[in-house]
Amino acid sequence: MTDAERYRAAWRKRKLRTWALAAMIMALLIGLRLADGNLALSAACVAGIAAAVVWFYRFRCPRCDAPFVRNWVVDLMEATSRKSRCQKCGLELNQIPP
């Protein structure tokens with residue numbers, strides 16, 4: 001596998017994580033809404049959302065293998081500016097270095 005293919009595969013996996021995170025959160029929010037006072041089910045849904053977010057943020061940079069985003073506040077600020085990058089090596093999201 002060439003480096004370019006490795007980077008493309010990593011970025012595809014991150015995009016898949018993004019969609020999976022959105023789907024998991026939506027499903028768990030629906031479950032939370034349907035819990036209707038059931039404390040155990042509500043707690044399970046909140047724990048599931050937290051676990052999904054942690055799983056999403058464990059994505060590792062394809063260049064340096066460090067966590068791509070270490071601080072979710074920084075990630076949210078960068079998402080609004082469309083300049084998300086690795087906080088260790090500076091690799092931009094979806095970038096395939098030459």
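The values are calculated or read from the model by the stated rules, or taken from the named source; none is laboratory data. Please read all numbers here as calculations on a predicted model, not as lab measurements. Quick reminder, even Gly has a Cβ in these numbers, built from the backbone with ideal geometry, and neighbours come from all protein chains shown. The accessibility values were calculated without ligands, DNA or RNA, using every heavy atom of the protein model including side chains. Shrake-Rupley method; radii C 1.70, N 1.55, O 1.52, S 1.80 Å.
Average accessible surface for the chain: 70 Å² per residue, computed with a 1.4 Å probe over protein heavy atoms with every protein chain in place. For the chain, complete DSSP H runs whose alpha carbons reach 20 Å or more along their own long axis and whose mean Kyte-Doolittle score is 0.5 or higher are 39-57. Simple rule: put +1 on each Lys or Arg Cβ and -1 on each Asp or Glu Cβ in the chain, find the dipole, and look at 48, 69, 38; the Cα lying farthest toward the positive end is 69.
The order of 41, 28, 91 by accessible area, most exposed first and with a 1.4 Å probe, is 41, 28, 91.
A Cβ-based charge dipole, computed about the Cα centre of the chain with Lys and Arg at +1 and Asp and Glu at -1, lands at about 320 debye. Amide H to amide H distances under 5 Å link residue 60 with 68, where only residues 5 or more positions off or on other chains count and H is placed in the peptide plane. The magnitude of the dipole of segment 12-66, with charges of +1 and -1 set on the Cβ of Lys/Arg and Asp/Glu and taken from the Cα centre, is near 520 debye. Applying a 4.7 Å Cβ-Cβ cutoff to the chain, the cysteines left without a disulfide-compatible partner are 45.
Solvent-accessible surface of protein heavy atoms, probed at 1.4 angstrom with all chains present, puts 58, 8, 33, 85 in the order 33, 58, 8, 85, largest first. Estimated from helices alone, the mean residue ellipticity of the chain at 222 nm is -22000 deg cm²/dmol (sum of -39500 (n - 2.57) over DSSP H runs with n ≥ 4, per residue).
Accessible surface for residue 39 stands near 140 Å², nearest 10, in the context of the full protein assembly shown (1.4 Å probe). Residues 53, 69, 46, sorted by accessible area with the largest first, give 46, 53, 69 [1.4 Å probe; ligands and nucleic acids excluded]. Using a probe of 1.4 Å, the accessible surface attributed to residue 18 totals some 60 Å² when neighbouring protein chains are kept in position.
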